[in-house]
Amino acid sequence: MTLYELSLEYQQTAAGLRRRIVELERASREAEDDDRRLQLEGRIRPLRSMYRDVRAVARHLEHYYEKHVPRRCAGKSVLTDHRRRA
């Protein structure tokens with residue numbers, strides 16, 4: 001597994017977290033009592049933090065090798081498409 005492929009897994013995890021956050025936010029808006037709303041907000045808060053962290057790791061892994069590859073003087077990049085490696 002390449003780091004790029006690992007970044008895709010992190011992106012999937014982030015998408016799952018985002019879906020859950022949206023569900024809980026919807027339930028919070030529809031909640032009729034304040035206690036339930038506070039309970040849902042308490043569940044959402046750590047998920048938001050996890051979502052931010054997972055997205056940051058996914059971005060870092062996706063572009064990990066780009067910062068280590070030297071650039072050509074003419075403005076053309078010598079980057080190879082690491083996504084196509086087997």
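The values are calculated or read from the model by the stated rules, or taken from the named source; none is laboratory data. Since the structure is predicted, the reported quantities are computational estimates derived from the model, not experimental observations. Backbone-built Cβ (ideal geometry, glycine too); neighbour counts: all protein chains shown. Please note that ligands, DNA and RNA were not included when accessible areas were found on the heavy atoms of the full protein model with its side chains. Shrake-Rupley method; radii C 1.70, N 1.55, O 1.52, S 1.80 Å.
Could you please tell me which pairs satisfy a Cβ distance under 9 Å, a separation of 6+ or placement on different chains, a first residue in segment 1-22 that is touching a residue at least 24 places away in the same chain (Cβ under 8 Å) and in a helix (DSSP H, G or I), and a second residue that is open to solvent by less than 50 Å² (accessible area, probe 1.4 Å) and β-branched (Val, Ile, Thr)?
Tyr10/Val54; Gln11/Val54; Thr13/Val54; Ala14/Val54; Leu17/Val54; Arg20/Ile44; Ile21/Ile44
Would you call Ala27 surrounded by 11 or more Cβ atoms within 10 Å (Cβ to Cβ), modelled with pLDDT of 95 or more and over 26 Å from Leu3 (Cα atoms)?
Details: surrounded by 11 or more Cβ atoms within 10 Å (Cβ to Cβ): yes; modelled with pLDDT of 95 or more: yes; over 26 Å from Leu3 (Cα atoms): yes.
When the stated conditions are applied, Ala27 passes them.
Checking the structure you have, find out if any residue of segment 39-48 is within 30 Å of Tyr65 (Cα to Cα) and of a type outside the set (Ser, Thr, Tyr).
Yes, segment 39-48 contains at least one residue that is within 30 Å of Tyr65 (Cα to Cα) and of a type outside the set (Ser, Thr, Tyr).
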